[in-house]
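A short write-up of the structure that comes next.
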Amino acid sequence: MPDLVDRVAARIKAQFLTESSGHDWYHIQRVWQLARQIAEQEGARRDIAELGALVHDIADWKFHDGDDRIGPRQAEQLLTSEGAPAEVIAAVVDIVATISYKGAGVATPMRTLEGQCVQDADRLDAIGAIGIARCFAYGGHAGRLMHDPEQAPELHQSAAAYKASKGASLNHFYEKLFLLKERMNTATGRRLAEPRHRFMEDFVQQFLAEWNVTG
């Protein structure tokens, strides 16, 4: 159903084109393209993976007072208004409801192969060079320090603890980004994650070397 995908893409682009926290249209577009690529490699249903990617951030809980129900609700409303079949809506809404990372100690399994493809695509865009840029863009948006040497990273054991965290941006690498490579669902996702993960490791090592200047 390419017409439906294109219509949804146009609406999402209009909504997110000027967003500046790293959750903008270009993030969504990259996740869309990655999800399509992974779905093709893994034999998933491409239309559901593409639609799931396009609406996965339609109303992120981080920007709605921690409400993780608003995203699935808005995704359902948009897809219904575009005339999507009921079974497609149900599959996509399930992806939106379960995609988010919720803490180091919280499992976030996806119930479908299409959901696994979208989750992998979203997590790939959270790591590597783009992931680094997005991490600090969101940190600035949220008023967080780049780094606080006196604040240790915390491996959150509950979704509530993760949502409540206000840690510095560099801590986010230890609390989430470095963990994503091992949480990829698909063989394609794991392969694509390897070089991005290594790039982040090199970046953090260099960051700390430059931070800890000695005279």
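Where a number appears in this text, it was derived from the coordinates with a stated rule and is not lab data. Quick caveat, the model's predicted, so the values are computed rather than measured. Here the Cβ positions follow ideal geometry from the backbone for every residue, glycine too, while neighbour counts run over all protein chains shown.
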Can you list residues from other chains, or at least 5 along the same chain, whose modelled amide H is less than 5 Å from the amide H of E19?
W25
Within segment 130-215, report the trypsin sites (Lys or Arg not before Pro) that DSSP leaves as loop and that have at most 10 other Cβ atoms within 10 Å.
K166
Roughly how tilted is helix 128-141, in degrees to the nearest 10 and between 0 and 90, from the longest Cα axis of the chain?
80 degrees
Taking θ as phi - 60°, what are the ³J(HN,Hα) couplings along segment 89-103 by the Karplus curve (6.51, -1.76, 1.60), each to the nearest whole Hz, with x for Gly and Pro?
4, 4, 5, 6, 4, 4, 4, 4, 6, 10, 6, 5, 6, 10, x
Can you list residues from other chains, or at least 5 along the same chain, whose modelled amide H is less than 5 Å from the amide H of R45?
E114
Excluding L78 itself, calculate the net charge of residues whose Cβ lies under 12 Å from the Cβ of L78, where each Lys or Arg counts +1 and each Asp or Glu counts -1.
+1
Picking from A160, A90, A39, which is most flexible by a Gaussian network model of the chain using Cα springs under 10 Å?
A160
Taking the alpha-carbon centroid of each part, what is the distance from segment 119-165 to segment 25-103 in angstrom?
21 Å
Under the Karplus relation with 6.51, -1.76 and 1.60 and θ = phi - 60°, whole-Hz ³J(HN,Hα) for segment 146-152, x at Gly and Pro, equal 5, 7, 10, x, 8, 10, 7
Return the single residue from G115, G189, G139 with maximal mean-square fluctuation; model: Gaussian network over the chain, springs between Cα atoms under 10 Å.
G139
Projected label distance in nm at Y26 and T80, using a 7 Å step from Cα toward the beta-carbon:
3.5 nm
Could you give the size of the charge dipole of the chain about its Cα centre, using +1 on the Cβ of each K and R and -1 on the Cβ of each D and E, expressed in debye and rounded to the nearest 20?
140 debye
Would you kindly derive the ³J(HN,Hα) couplings of segment 163-168 from the backbone phi angles with the Karplus curve 6.51 cos²θ - 1.76 cosθ + 1.60 (θ = phi - 60°), listing them in order in whole Hz, with x for Gly and Pro?
5, 7, 5, 10, x, 5
Once the Cβ-Cβ distance between F207 and Q33 is put in as r, and R0 is 45 Å, what FRET efficiency do you end up with, to the nearest 0.05?
0.95
What net charge do the residues around A193 carry, taking every other residue with its C-beta under 10 Å from that of A193, with Lys and Arg at +1 and Asp and Glu at -1?
+4
What label, among [x] 19.9; [y] 17.7; [z] 19.0, belongs to Kirkwood radius over Cα pairs in Å computed from the structure on display?
[y]
